[in-house]
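Below: the structure, in structure tokens.
The values are calculated or read from the model by the stated rules, or taken from the named source; none is laboratory data. Because the structure is predicted, anything quoted here is derived from the model rather than measured. Here Cβ is always computed from backbone atoms with ideal geometry, including for glycine, and neighbour counts include all displayed protein chains. Calculation scope for accessible area: heavy atoms of the full protein, side chains included, ligands and nucleic acids excluded. Shrake-Rupley method; radii C 1.70, N 1.55, O 1.52, S 1.80 Å.
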Amino acid sequence: MLKEERLDYILKKLQADQKVLQAELSTDLQVSEDTVRRDLEVLAQNGQLIKVRGGAIPHSPNPLAFKERSELHAADKQHIARKALSFLHDGQTVIIDGGTSTLALVKMFPPNLRLTVITNSVPIVAQLVEHPTIEVIFTGGRIGKISQTACGMETIRMLQKVHADLNFMGICSLHPDAGVTGLDLEEAEVKSVMVESANKNIALATSDKMGTAEPFKVCDITELDTIVTDNPDLPSLKPYLNLGIQVI
């Protein structure tokens, strides 16, 4: 089988199974695992998959721009937000990062909810500044125009001073082995500090994010306490349950 045929087979199997394993590909393609490893490296360098130990998994399907992401799976994000509201009560200090699912959450805050919210998200600040009983603290830092979030060392230094009750995370990609990952290095570093700065970390993730990965690590999957998703009964969520993570 020619190299181009092998690469095409790998991509089709990845699309069908949401993962590929080197050992299985070696048998299917009747080539050595070293050959498969090199093929996966070519596809990874072309941005067509993410290599993980023993194989590869797909990229997250979502576009990068905030406006585009906010229009995707809007009903699912509202469903997730309604469930996430159950974690909130008066008097908490809460970190909320700059995802579209987290924006859906803050749009549902009851008018009498009393919280201190720390965020690096410009849209979330704009939403909460009109709320009568929410104290809003913006992290500061350089604002990325695509993500509409602040990042950089100023943002990180501010978050390092925080000890929050909860951290609500917008998720780009989630995988039992690769952990929580993202597309942008600086954003991933900020999210990582948010994780370290909270007693409890709650991931808000639509089901299309499950089993995918991006280049930059935020945290290990075991750093999450809860995953709030639109379809908690999916078989693909079993690995997270096996790790002791609450899935609702």
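Given a cut-off of 26 Å, name the pairs among K13/K145; K107/K191; K3/K209 whose C-alpha atoms lie farther apart than that in the structure shown. Present the calculation step by step, with values, prior to reporting the outcome.
Numbers: K13/K145 36 Å; K107/K191 21 Å; K3/K209 30 Å.
In this structure, K13/K145; K3/K209 exceed 26 Å between Cα atoms.
List the pair-distance distribution P(r) of the range 72-203, using every Cα-Cα distance, as the percent of pairs falling in each 5 Å bin from 0 up to the bin containing the longest distance, rounded to whole percents.
Reading upward from the zero bin: 2, 11, 22, 26, 22, 13, 4, 1, 0.
Work from the charge dipole of the range 15-146 (Cβ charges, +1 for Lys and Arg, -1 for Asp and Glu, about the Cα centre) and give the residue of A126, V36, G141 farthest towards its positive end.
Positive-end residue among those listed: A126.
Run the quick spin-label model on R114 and L243: label points 7 Å from Cα toward the beta carbon, then report their separation in nm to one decimal.
3.7
In sequence order, what are the phi-derived ³J(HN,Hα) couplings for the range 96-111 according to the Karplus relation 6.51 cos²θ - 1.76 cosθ + 1.60 with θ = phi - 60°, rounded to whole Hz, with x for glycine and proline?
The phi angles translate into 10, 8, x, x, 6, 5, 5, 5, 4, 5, 5, 5, 9, 4, x, x Hz.
With no solvent and one point on each alpha carbon, what is the Debye value of log10 I(q)/I(0) for the range 110-181 at q = 0.12, 0.27 Å⁻¹?
-0.39, -1.28
Karplus couplings for the range 192-209 from phi (6.51 cos²θ - 1.76 cosθ + 1.60, θ = phi - 60°), rounded to Hz, Gly and Pro as x?
4, 5, 4, 4, 5, 9, 10, 6, 9, 10, 10, 8, 9, 9, 5, 5, 5, 7
Accessible area of the chain with a 1.4 Å probe: how many percent of it is carbon plus sulfur? Show your work: numbers first, answer last.
On the way: 5960 of 11940 Å².
The computed percentage sits at 50.
I'd like to know how the chain sits against the 2.2 N^0.38 Å rule of thumb: what's its Cα Rg over that expected value?
Values: Rg = 19.3 Å, N = 248, 2.2 N^0.38 = 17.9 Å.
So the Cα radius of gyration is 1.08 times the expected 2.2 N^0.38 Å.
Which is the longest stretch in the chain that no exposed loop site breaks, taking sites as trypsin sites (Lys or Arg not before Pro) with a DSSP loop state and at most 15 other Cβ atoms within 10 Å?
Numbers: sites that count: R53, K107, R114, K145, K161.
Result, exposed sites excluded: 162-248.
Helix 33-45 against the longest principal axis of the chain: what's the angle in degrees, Cα atoms only, rounded to the nearest 10?
Result, in degrees: 40.
What is the Cα centroid distance between the range 22-57 and the range 135-161, reported in whole angstrom?
Each part's Cα centre sits 38 Å from the other's.
Could you work out how much longer the chain between V129 and A74 gets when fully extended? Use 0.36 nm per residue separation minus the Cα distance between them, nm to one decimal. Present the calculation step by step, with values, prior to reporting the outcome.
Working: separation 55, 0.36 × 55 = 19.80 nm, distance 2.27 nm.
Result: 17.5 nm gained on full extension.
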